[in-house]
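In what follows, a structure is listed as structure tokens, so that the remarks can point back to it.
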Amino acid sequence: MAKFKLIVSDPSTGKSSVSEVEGARAQALIGRSLGEVIDGSVLGITHGKALISGGCDKNGIPMRADVHGGAKKYIVLSSGPGFRSTRHGERRRKLIRGRIISDETFQINFRLQKDAETLEKPTAAQPTTEPSPMVEKKSKPEETATKKAKETKKPSKKGK
């Protein structure tokens, strides 16, 4: 029987909550993949939807969205979940888990999503405060010179 630890984070408040599910509610999550948006009622949230953003198994092996399936695999990594480089340009072969939630998954991370209905859509009757597209902003010559100077600087190499 599947049992998961769910961590649901709310980006608007910056808080997260931890809960555990098992039984029928846990079975509803098996077969879902990272990046999928699900209804909050599956998680016990009455409002909104949740995005599956990550997870790991009982040994702490992280899930990655770019690996197919739910099995463990060794892949060469240079960045992202499951790898922290110690020097610039380092790559290593690391053990990670695929994006599909299975019985071996221990923890699943979720991020709450805003509903499309709650977002206000501007109507034609409301006046806009934005300038018309026909009016061009004139920039000062010294501002453009400093912008060009910033763009031409090369970033310094870290880890030398």
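Derivation of every value follows stated rules applied to the coordinates shown; laboratory data play no part. Everything numeric here is computed off the predicted structure, so don't read it as measured data. Counting neighbours? That spans all protein chains shown, and the Cβs are built from the backbone with ideal geometry, glycine included.
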Cα-centre dipole for segment 3-113 with unit charges at Cβ (Lys and Arg positive, Asp and Glu negative), debye to 20 = 580 debye
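Tell me, what is the percent relative contact order of segment 3-113, built from C-alpha pairs under 8 Å that lie six or more residues apart?
35 percent
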Centre separation in Å (Cα based) which lies between segment 9-57 and segment 60-98 = 23 Å
message = How are the alpha carbon pair distances in segment 28-81 distributed across 10 Å bins from zero to the largest one, expressed in percent?
response = 19, 48, 25, 7, 0
query = Using the eigenvalues of the Cα gyration tensor, what equivalent ellipsoid semi-axes result for segment 3-113 when each is taken as the square root of five times the eigenvalue, whole Å, largest first?
reply = 26, 16, 11
